[in-house]
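Below: the structure, in structure tokens.
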Amino acid sequence: FAFFPNWLKSLPKSGGWLNTVKVVLGFIEIALAFKFLSIADQAFHWGILDREINIAIWIVIVVLIGLYLMKAFRLPGDTGKDAEDKTVSVLRISLAMIVFVFAVYLVPGMWGAPLKALAGYLPPLHTHDFNLLKNSSEKSGTICDTPKYQDFLHLPHELNGYFDYDQALACARQQNKPIFIDFTGHGCTNCREMEANVWSDPQVLQRLNNDFVIVALYVDDKTELPESDWFTSTYDNKVKKTIGKQNADLQITNLNNNAQPFYVLVGKDERVLVSPYGYNLNAESFVKFLDSGKQKYKELYP
């Protein structure tokens with residue numbers, strides 16, 4: 001409208017249609033509020049908004065939007081002719097159909113469907129209590145000892161790995177494997193999309209299972225560590241007390257980067273093997289990244 005101000009003249013005058021827009025946006029805002037609340041829930045490990053609860057709330061909100069568009073109920077702001085007229089326009093019917101289709105798409109998620117299109121906006125699958133699709137087999141990949149923080153931190157796709165860098169490094173040296181470092185976050189939308197669309201690729205899973213020791217370092221986790229584990233950062237001279245703060249400091253101090261997702265392949269002497277990898281939903285490219293890191297490791301540590 002700024003470039004073509006005459007378009008403003010083509011808009012209908014404010015009235016019932018504008019209130020409908022406000023109501024629909026209000027419902028969407030409520031849905032997004034639960035999305036951001038779920039991020040805080042994961043970071044602080046409250047356990048309030050599990051995946052199926054979040055999906056159920058979204059289904060209710062989406063259905064309400066559809067019913068409102070079909071004029072099944074009216075709200076106080078719908079005054080005048082719009083409040084009395086029960087005729088539904090073609091546009092409203094079309095929008096309602098789209099909304100109801102989205103609600104139907106969400107329903108299988110209640111029983112564990114991955115819903116890849118929404119992977120970045122829903123809590124991770126490990127928070128799902130009633131998952132009919134979950135593989136009952138043991139986790140894949142070999143680790144050396146019980147991972148720290150495994151009671152509240154998890155890897156996707158039943159992968160085995162660590163959540164503490166020093167523990168992963170010790171295991172990698174023992175197994176003579178490179179480390180796959182996943183700098184991630186509970187609130188990282190792109191991280192969830194990578195896990196749902198790239199990590200799930202059979203070629204990627206096979207390599208992560210067999211060729212690497214995985215460590216997921218959450219940079220936004222709010223769990224406070226014992227005082228004996230605190231340290232003062234050489235980067236900003238602040239005391240790092242939580243898991244997230246310490247992992248973020250590790251990334252910034254050693255790699256001069258604070259973006260997530262950020263994947264780094266490291267050798268037994270903590271040397272970065274190949275250029276780190278960021279957000280890229282091309283599974284073939286990710287496979288090449290893993291293979292190049294494995295090849296470099298073999299060259300350095302024959």
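Would you pick out the residues in the range 212-271 that are hydrophobic (A, V, I, L, M, F, W, C), open to solvent by less than 40 Å² (accessible area, probe 1.4 Å) and part of a loop (DSSP other than H, G, I, E, B)?
PHE212, VAL219, LEU225, listed by residue number.
Determine whether LEU95 is of a type outside the set (Lys, Arg), free of Cβ contacts under 8 Å to residues at least 24 places away in the same chain and crowded, with 17+ Cβ neighbours inside 10 Å.
When the stated conditions are applied, LEU95 does not pass them.
Among the numbered criteria (1) in contact with a His (Cβ under 9 Å, 6 or more places away or on another chain); (2) open to solvent by 20 Å² or more (accessible area, probe 1.4 Å); (3) outside any helix (DSSP H, G or I), which single criterion is violated by LEU205?
(3)
Which residues, counting only those in the range 104-114, are open to solvent by 10 Å² or more (accessible area, probe 1.4 Å) and either part of a helix (DSSP H, G or I) or in contact with a Gly (Cβ under 9 Å, 6 or more places away or on another chain) (or both)?
Listed by number, the residues that qualify are VAL104, TYR105, VAL107, PRO108, MET110, TRP111.
How about the range 66-92: which of its residues are crowded, with 18+ Cβ neighbours inside 10 Å and either of a type in the set (Gly, Ala, Ser) or modelled with pLDDT of 95 or more (or both)?
Listed by number, the list holds a single entry, GLY66.
Looking only at the range 16-31, how many residues end up being open to solvent by less than 30 Å² (accessible area, probe 1.4 Å) and farther than 15 Å from LEU95 by Cα?
The qualifying residues number 4.
The values are calculated or read from the model by the stated rules, or taken from the named source; none is laboratory data. On a predicted model such as this, the values are computed, not experimentally measured, just so you know. Counting neighbours? That spans all protein chains shown, and the Cβs are built from the backbone with ideal geometry, glycine included. Remember, those area values only see protein heavy atoms, side chains included, never the ligands or the DNA or RNA. Shrake-Rupley method; radii C 1.70, N 1.55, O 1.52, S 1.80 Å.
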